[in-house]
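**Q** One structure follows; several queries about it will come next.
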Amino acid sequence: KTFITSISNKNYYGAARQILSDNPLGLTCGMICPTSDLCVGSCNLQASEEGAINIGGLQQYACDVFKKMNIRQIVSKEVRENRNASHNEQIALIGCGPASISCASFLARLGYTDVTIYEKRTFIGGLSSAEIPQFRLPYDVVDFEIQLARDIGVKIETNRSLNTNDITLAKLKEQGAAAVFVGIGNPEPKIDPLFEGLTVENGFYTSKNYLPLVSQASKP
């Protein structure tokens, strides 16, 4: 991979730029992506004496160094100078999790100037914030990647829900949205029929009950 060559040359900015250009959540993925089952597992050096390259670790390192540089993301000069009327159209994204943050980032990089994410919670980041504990994915990492999106004009509104009393697709269209991206994930667990009717009071926890408790308890 090109970014690995940049790291070997101590060009950490260049490595991070290559990673984040393809993946706006490069630091998050470097920390929690199951690389042992994906890229590392298929590395050509897997059977060598030194073993496979720790791709996730290198990605995390490069992005973490970049994070400490405090460099703002910008829209390229070429994109800014070639915007047209369509780039001023409203685009709405529902749910401020990884999918919407990535989508909004790419839209802003392409030159769209009116991109807004709506989040039902008081905090942002989706499952990265709500269900992954601090020791696994610190909140400042999520905040760093969200700030990169904000640097290029992405707007975020919290306490905004997809329901008839607040946001609906029809209302967004009436307000001028030219496109809507729905990135709310799968908010409800799949429960085996054997356990239907059981609740936390019965000692029955789904991932949607348990993981938020662990995450909240681990964060300041």
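**Q** Each label point is 7 Å from the Cα along the Cα-to-Cβ direction; what then is the distance between the points at PHE181 and ASN202, in nm?
**A** 4.0
**Q** Okay, next question. Counting Lys and Arg as +1 and Asp and Glu as -1, each charge on the Cβ, what is the dipole of the chain about the Cα centre in debye, to the nearest 20? Display every interim value, and only then the final one.
**A** Working: 21 positive and 22 negative charges, 137 e Å.
Roughly 660 debye, rounded to the nearest 20.
**Q** Ranked highest first by the average count of other Cβ atoms within 10 Å around their residues, in what order do 71-84, 130-143, 160-173, 22-35 fall? List each step's numbers first, then the result.
**A** Details: 71-84: 11.6, 130-143: 16.5, 160-173: 13.2, 22-35: 19.8.
My ranking of the peptides, most packed first, is 22-35, 130-143, 160-173, 71-84.
**Q** When only Cα pairs under 8 Å and 6 or more residues apart are kept, what is the percent relative contact order across the range 21-104?
**A** Working: 46 pairs, mean separation 26.2, N = 84.
Relative contact order comes out at 31 percent.
**Q** Here is a further query. How would you rank 191-200, 85-94, 175-184, highest first, on the average number of other Cβ atoms within 10 Å across their residues?
**A** Numbers: 191-200: 9.4, 85-94: 17.0, 175-184: 14.4.
Top to bottom by mean Cβ count within 10 Å: 85-94, 175-184, 191-200.
Here, each number is a calculation from the coordinates, and none is a lab measurement. From a predicted model like this one, the values you see are computed outputs, not experimental measurements. Virtual Cβ from ideal backbone geometry, glycine too; neighbours counted across all protein chains shown.
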